[in-house]
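Have a look at the structure below, then the notes.
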Amino acid sequence: TAGSAYVPALSSLKYRTSGAWLNNPGLKPETSTTYEAGLNRRQGLWRARAAVFHTDYEDMITSISVGSKRQFQNIGKVEVNGLELAVEGSIGAWQPYMNYTYVDSRIRENPSDPLTIDKHVQRVSPHKLNLGATYTPTEALYVRLSGRYVDEYYFNDRNTPATLNPSYFVADGKIGYRISLGNFAREAEISLAVNNLFDKKYKEQQYDYEDGRNVWLGLSAKF
């Protein structure tokens, strides 16, 4: 497959109302072209997918630090190469899955900041892994365990050591039971979810840690 994409330079990016940001009326739209080749395979109880892709970005929109403030700016050219692998199965009451993504994102041209040339694009992790399984012993009951690994990445395009975000692995669990509410709802479910099972301390954004272990009791219905 091949395709192109366009990200407009919205006024909300050019003109910022927060005092922590600088305006940039000259911000350009972001464009990209992607090429991908993939293969899907079904073998017995298993399904697998593999794909390689390449993307060229022109004027990628990114945010940078300017003194004590931030500003949205364009990066001249960015090259991304990647690989995706996925497998899932259905073995009796078990439905396991795993998917892995490798991404090498490099800045090739950036007239506004030559120190970023050949560096990784900020907030793009080179390795990501998701895995888990759902156990459904009956039509009404299910138990789901899942985990995600994110490799280290940087919070700026210069890849300075001080902005390196360490890798992390986070696991979640959920138990759900479908219940009958008669004619009141066509489908209803009560559930108990525990997110961040091991109470991992990690960041997805530069300045704020994500929630620690948290528990949710839920009741949902479709009418």
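The values are calculated or read from the model by the stated rules, or taken from the named source; none is laboratory data. Model, not experiment: these values are computed from the prediction. Counting neighbours? That spans all protein chains shown, and the Cβs are built from the backbone with ideal geometry, glycine included. Side chains included, ligands, DNA and RNA excluded: accessible areas come from the protein's heavy atoms. Shrake-Rupley method; radii C 1.70, N 1.55, O 1.52, S 1.80 Å.
Ligands, DNA and RNA left out, the accessible area of the chain computed with a 1.4 Å probe is 56% carbon and sulfur. If the segment from ILE91 to ALA2 were pulled out straight at 0.36 nm per residue, it would be longer than the present Cα-Cα gap by 28.5 nm. The Stokes-Einstein estimate for the range 1-90, based on a Kirkwood radius over Cα pairs and taken at 10 °C with 1.306 mPa s viscosity, is a diffusion coefficient of 101 µm²/s.
Which entries in LYS77/LYS201; LYS28/LYS200; LYS14/LYS77 show an alpha-carbon gap greater than 28 Å? Display every interim value, and only then the final one.
On the way: LYS77/LYS201 34 Å; LYS28/LYS200 39 Å; LYS14/LYS77 20 Å.
Flagged as over cut-off: LYS77/LYS201; LYS28/LYS200.
Listed by chain and number, the lysines placed with their C-alpha closer than 20 angstrom to that of LYS222 are LYS174; residues fewer than eight positions away on the same chain are left out. Across the range 111-180 the C-alpha pair distances fall into 5 Å bins from zero in the proportions 4, 14, 17, 13, 11, 9, 9, 8, 6, 5, 3, 2, 0 percent. One decimal place: the segment GLU79-ARG158 gains 26.9 nm when fully extended, by the rule 0.36 nm per residue minus the C-alpha distance. How many nm is it between the label spots at GLN206 and ASP118, if each spot is 7 Å from the Cα in line with the beta carbon? Going by the 7 Å Cα→Cβ label model, 2.5 nm.
Using bins of 10 Å that start at zero, the share of Cα-Cα pairs per bin across the range 138-178 amounts to 24, 27, 20, 16, 11, 1, in whole %. Mind listing which GluC sites (Glu not before Pro) in the range 46-146 are in a DSSP loop and have 11 or fewer other Cβ atoms within 10 Å? Passing both the DSSP loop test and the Cβ count: GLU139.
Hydrodynamic estimate: the Kirkwood radius of the range 76-153 over Cα pairs, inserted into Stokes-Einstein at 20 °C and 1.002 mPa s, corresponds to D of 142 µm²/s. Stokes-Einstein at 10 °C, 1.306 mPa s, Kirkwood radius from Cα pairs: D for the range 151-223 in µm² s⁻¹? Answer, rounded: 105 µm²/s. Apply the Debye scattering formula to the range 5-55, with a single equal point scatterer on each alpha-carbon and no solvent, then give log10 I(q)/I(0) at q = 0.17, 0.26 Å⁻¹. Debye curve over Cα of the range 5-55, log10 I(q)/I(0) at q = 0.17, 0.26 Å⁻¹: -0.68, -0.96.
Per residue, the chain exposes 62 Å² of accessible surface when a 1.4 Å probe is rolled over the protein heavy atoms with every protein chain present. Here the label points at SER12 and ALA140, each 7 Å from Cα along the C-beta direction, are separated by 4.4 nm in the simple model.
Partner aspartates and glutamates whose Cα lies under 17 Å from the Cα of LYS128, excluding those fewer than 8 positions away in the same chain, are identified as GLU84, GLU88, ASP104, ASP151, GLU152, ASP172, GLU204. With the biggest extent put first, the Cα atoms of the chain measure 61, 43, 36 Å across the principal axes. Note that the range 91-223 carries a Kirkwood radius of 17.8 Å, evaluated over its alpha carbons pair by pair.
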